[in-house]
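Peer 1: Take this structure first; my questions come after.
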Amino acid sequence: MDNGSLHVYRITVRGQFRDLTPAKREWLLADVDAHEIFASAFTAVGTFTYDLALVAFNLRYEVRIRGEDPSLLAQEQARRQAVEFLTERDLSHRLIRLETMDMADIWEAETLKEGVRAEGAPPQI
């Protein structure tokens, strides 16, 4: 593997809130509209989303990385950033899973679709 190649991953860290105090619940609910999933994006610093139920949350990261086993490195970085983010805000939590999307795979799939369309095939839905 070429250690110099840049890899871009979009990683969603999913988790659950644990033992939120009334003060933490109030703090989260005061800003719930700003953390709506449909207004979120994948960013280097992460986007924090949750809803009124205050049961589950997502943190969305875009990780750009080089090195051996970049997918694993990207997941480790996203997990570390998520834990730091939640700890800094004193939010008790349990991480459930990480979902990783290699953007090169998405771009390659789009290129293949465009190639098929260019040959006269109808677009795939």
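Peer 1: Report, for the range 7-118, the % of DSSP beta bridges that are antiparallel, rounded to 5.
Peer 2: 95 percent
Peer 1: How many times 2.2 N^0.38 Å is the alpha carbon radius of gyration of the range 1-102?
Peer 2: So the range 1-102 has a normalised radius of gyration of 1.15.
Peer 1: Take ARG94, ARG66 and order them by how many other Cβ atoms sit within 10 Å, fewest up front.
Peer 2: Taking fewest neighbouring Cβ atoms as first place, the list is ARG94, ARG66.
We did not get these values from a lab; they are worked out from the coordinates using the rules stated. Computed from a prediction, not measured in an experiment: that's the story for all the values here. Note that each Cβ is placed from the backbone with ideal geometry, even for glycine, and that neighbours are counted across all protein chains shown.
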